[in-house]
Amino acid sequence: MTYATQQNMIDRFGQQELIELTDRGNTGAIDATVLGQALADTDAEINAYLVSRYTLPLANIPPVLTRFAADIARYMLYDTRATEQVKDRYDAAVKFLQAVAKGAVSLGMDPVNVLVPDAASIRVQANTRVFNATNLSDY
């Protein structure tokens with residue numbers, strides 16, 4: 001499962017930019033190995049945020065994750081040459097993923113291990129009593 005594909009990257013950033021970022025052998029084409037590694041690293045980074053809230057792999061990839069995955073992979077490909085815009089988009093993606101991990105933002109799916117109570121019922125669990133008539137009788 002991958003959050004973004006080579007075609008997603010081409011659609012968002014153009015083939016020429018991806019050639020410039022991945023073509024280490026000066027072939028004039030996108031190096032699928034270099035791009036694939038950036039996409040795999042991106043998946044690992046995203047999964048690190050999602051694993052605490054969702055069962056992985058996700059059954060369906062929300063479009064917002066594809067967009068942020070493309071931004072993260074692009075940032076990784078730029079490495080130390082990232083422009084301010086590329087860095088800002090990466091930072092926005094990380095901020096979104098942190099919000100998802102904290103539960104402040106939902107991907108619109110059922111999270112992991114969260115009991116969703118019946119709308120008509122209320123569950124209460126009280127602690128055991130610390131003080132009672134027997135242990136207070138000496139005072």
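General observations
- Inter-residue pairs, beta-carbon under 9 Å, first of a type in the set (Lys, Arg) and in the stretch 24-37, second not in a loop (DSSP other than H, G, I, E, B), 6+ apart: Arg24/Val34
- Unmet criterion (only one of (1) in contact with a helix residue (DSSP H, G or I) (Cβ under 8 Å, 6 or more places away or on another chain); (2) over 30 Å from Asp110 (Cβ atoms)) for Gly25: (1)
- Of residues in the stretch 1-39 being in a helix (DSSP H, G or I) and small (Gly, Ala, Ser), the one surrounded by the fewest Cβ atoms within 10 Å (Cβ to Cβ): Ala32
- Considering the stretch 88-108, the residues that are of a type in the set (D, E, K, R) and without any contact (Cβ under 8 Å) to a residue 12 or more places away in the chain include one that is farthest from Asp41 (Cα to Cα), namely Lys102.
- For the stretch 44-91, taking the residues that are under 11 Å from the mean Cα position of the chain (by Cα), part of a helix (DSSP H, G or I) and among the small types (Gly, Ala, Ser), the one that is surrounded by the most Cβ atoms within 10 Å (Cβ to Cβ) is identified as Ala69.
- Annotation note: Cβ proximity below 8 Å between a residue of the stretch 76-87 that is under 14 Å from Ala38 (Cβ atoms) and a residue that is aromatic (Phe, Trp, Tyr) and assigned to a helix (DSSP H, G or I) (sequence gap 6+ or interchain) occurs for Ala82/Tyr75; Ala82/Tyr90; Val86/Tyr75; Val86/Tyr78.
- The one condition in (1) more than 30 Å from Phe13 (Cβ to Cβ); (2) of a type in the set (Gly, Ala, Ser); (3) at pLDDT 85 or above that Ala82 fails to fulfil: (1)
- A Cβ distance below 7 Å, combined with a sequence gap of six or more or placement on separate chains, defines the contacts here; from the stretch 53-66, residues that are under 17 Å from Gln98 (Cα atoms) reach residues that are aromatic (Phe, Trp, Tyr) and surrounded by 12 or more Cβ atoms within 10 Å (Cβ to Cβ) in the pairs Leu65/Tyr3; Thr66/Tyr3.
The values are calculated or read from the model by the stated rules, or taken from the named source; none is laboratory data. Note that the structure is predicted; figures quoted are calculated from it, not measured. Please note: Cβ atoms are built from the backbone with ideal geometry, for glycine as well, and neighbour counts cover all protein chains shown.
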